[in-house]
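These notes are about the structure you will find just below.
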Amino acid sequence: MIPLGIEPVIEDLLVVLDTQAGLLEARRSQLAELSEKLLRNDNEAVEALLGQIEGAEEAQAILAGRLQALRQTLAGAFGCDAKDFNLSWLIGRLPRAQSLALTRRRQQVSEKVSEFRKQHMQTTILLTECSKITSMMLDRLAPAGAVVTYDADGSDRWRADAGMLDMER
């Protein structure tokens, strides 16, 4: 049996799940764009995107709070503990139309999570490789423990196996 007055809460839940799917897609798109801008060495665009990503994380936290509040409301309405309450449990207790709508939203969010994770992994790999390249370049310019090539007064003591910069002075 469905508790009276639960329909508006279910509608709110559907809106939150739609918002969640949209936010996940936006965050996936931001990561893809971040990778593109890094490869193009567009530092200004990277900085702007990092600000947008931070804003999306804040929106994600707010949405998670809304989802938790809805979860507690629904669990209370059905007389169960919030820790035992999940979408699968709820879907099994709703009328067919609401059950189907909720199932579609859950599937959509699940797909967006999968796409986001894939893009996140690709971006992580790109950033790791960029870091490795940067480290190699810095090591070539100023290797750790290398002999100084140019000293403070500018006289040179060129050695092919030494770094090009004196990082100590």
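Using every pair of alpha-carbon atoms in the range 7-141, split the distances into 10 Å bins beginning at 0 and state the percent of pairs per bin, rounded to integers.
Histogramming the range 7-141 at 10 Å steps yields 11, 32, 25, 16, 10, 4, 1 percent.
Quick check on the exposure proxy: order Thr123, Thr128 from fewest to most C-beta atoms within 10 angstrom. Could the numbers behind the result be given before it?
On the way: Thr123 18, Thr128 10.
Fewest-to-most ranking of Thr123, Thr128: Thr128, Thr123.
The numbers here are math on the coordinates, done by the rules we state, and not lab data. All figures in this text were calculated on a predicted structure; none of them were measured in a lab. Don't worry about glycine lacking a Cβ; one is built from the backbone with ideal geometry, like all the others, and counts go over all protein chains shown.
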